[in-house]
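In what follows, a single structure is set out as structure tokens and then discussed.
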Amino acid sequence: MILELKAEYSKAKEAELSKQSVKLPKLVITKYNGALENWLTFGNKSEAEIDKTDLPAVTKFAYLKELVEPCVKKGIDGLPFTSEGYQRAKHILKTNYGQTSEIINAYVENILGLPVISGANPAKIHDFYETLLYNVQSLETLGKTSQCKALVRGILNKFPGIKAELLQGKPDWQKWDFTQLINALHAWKEIHPCEIAKP
């Protein structure tokens, strides 16, 4: 009887362990197109999926070359398929696309380039919010939102149609940072949802 119970316990334990060891699907790395604002995502994924593997450097280099668009690939195409060539390729890509100051500038330009929305069009404001949120979160990742706080008032001025509504009951709005702006826009979005087109 005790042996049967032990056997059942062992089977149950094995079944539990096999459930826990389910493998997640491999991450798909989108080809890098040279846009500075996409470097962080590409750089982090390629480092985790390629650079930190036990593959030979030549194989890593082959993978790296397949993960960049032709306009980016031109800069590393002539390098030899060696460990040194792979290291040089990584250095070239990092120098050309991974400079923190240039990436920050790209995010700031994206924020400054957001359109003025004169009315209260929920679809346009939702799109604006999503673009703003992506760029602000990226700046947060780099620890640079506090340095860009001065942009907040300019962004508020891009909403002449809803600015009064956003600021209603908020006497300290002149001191807002990006978090407060995004929270106000998010609250506005919740009250004014986008209508989903029905098929």
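Observations, loosely collected:
- Net +/- balance of residues flanking residue 69 in space, Cβ distance below 13 Å, scoring K and R +1, D and E -1: +2
- Protection proxy ranking of 137-150, 161-174 - average other beta-carbon atoms within 10 Å, highest first: 137-150, 161-174
No value in this document is a laboratory result; all are computed from the given coordinates. These numbers come from a predicted model, not from an experiment. Heads up, the Cβs are rebuilt from the backbone with ideal geometry, glycines too, and the neighbour counts pull from every protein chain shown.
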